[in-house]
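Enquirer: Mind looking over this structure? Questions follow.
The values are calculated or read from the model by the stated rules, or taken from the named source; none is laboratory data. Worth saying up front: this structure is predicted, and the values here are computed from it rather than measured. Positions of Cβ are backbone-derived with ideal geometry, glycine not excepted, and every protein chain shown enters the neighbour counts.
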Amino acid sequence: MSPGAASNLVPLRASDVAYEQLREMILDLRLAPGEVLNELSLAAQIGIGRMPVREALQRLASDRFVVALPRRGTVVSSMTMVDVAHLYEAREAVECGIARVVVRRITDEQIRELRSLVERTDEARGVFDAERFLLDDLRVHRFVIGMLDNALLHNAADSLLLHNLRFWRSFFQTRLPQGDTMMSHRDLLTAFENRDGSAAEEATRAHIEGARQLLVTLFDGN
């Protein structure tokens, strides 16, 4: 299943299919930040009618993946450092609370699965495979938020994670992956193994803040 794919089995409308395909093209940068979008061209590319594409673009605008600009039309949203700062602020507010809640209900089987996911991300870090790491990292975060039985929070957190994925894919297009740009989840895993809510919240906060501080350092140094 692709990073942005729907996880339910409800039959999709044409506009839903268009939304999933266009969002995937934005996430993997086939539709690049700042690119002007043409409804007819997009409809031809994905083999779906213009009206479903228009509806999909309206949803993508609501999700902040595209934006309508005067005299330019609809363009793929760019991500400035201010946008990234807001992204990390939102992730901290949402994900820290989720970690604190779900750590109290995690099962032994789920801990084993989380351990396997964390080990996969560490393997990707070890070989400096940025794309593999980003997808494995997404799986770790999605696994944690997936334990929360709250659709509103789950949807909000997942949208933030997809914006995060797009940003880091763009980041690694121009920078070689290094160990310090691919952060581990070991502290989070330890907190979950100990069923420690405070430690899980703090590990999540430290992970997110560490990535934010890294970006500030990298961009201030340019």
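Enquirer: List the number of the failed condition for Pro177; all other conditions in (1) modelled with pLDDT under 90; (2) part of a helix (DSSP H, G or I); (3) surrounded by 14 or more Cβ atoms within 10 Å (Cβ to Cβ) hold.
Expert: Of (1) modelled with pLDDT under 90; (2) part of a helix (DSSP H, G or I); (3) surrounded by 14 or more Cβ atoms within 10 Å (Cβ to Cβ), only one is false for Pro177: (2).
Enquirer: Also: In the stretch 12-46, what residues are under 12 Å from Val75 (Cα atoms) and in a helix (DSSP H, G or I)?
Expert: Ile26, Glu39
Enquirer: Among the residues of the stretch 194-205, is any small (Gly, Ala, Ser), surrounded by 16 or more Cβ atoms within 10 Å (Cβ to Cβ), under 18 Å from the mean Cα position of the chain (by Cα) and over 22 Å from Ala85 (Cα atoms)?
Expert: No, that holds for no residue.
Let's see how each residue does on (1) among the basic types (Lys, Arg); (2) in contact with a Leu (Cβ under 7 Å, 6 or more places away or on another chain); (3) in contact (Cβ under 8 Å) with a residue 24 or more places away in the chain; (4) not assigned by TED's automatic domain parsing to the domain that holds Arg120:
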{"residue": "Val144", "(1), (2), (3), (4)": "no, no, yes, no"}
{"residue": "Asn150", "(1), (2), (3), (4)": "no, no, no, no"}
{"residue": "Ser159", "(1), (2), (3), (4)": "no, no, yes, no"}
{"residue": "Asn164", "(1), (2), (3), (4)": "no, yes, yes, no"}
{"residue": "Met182", "(1), (2), (3), (4)": "no, no, yes, no"}
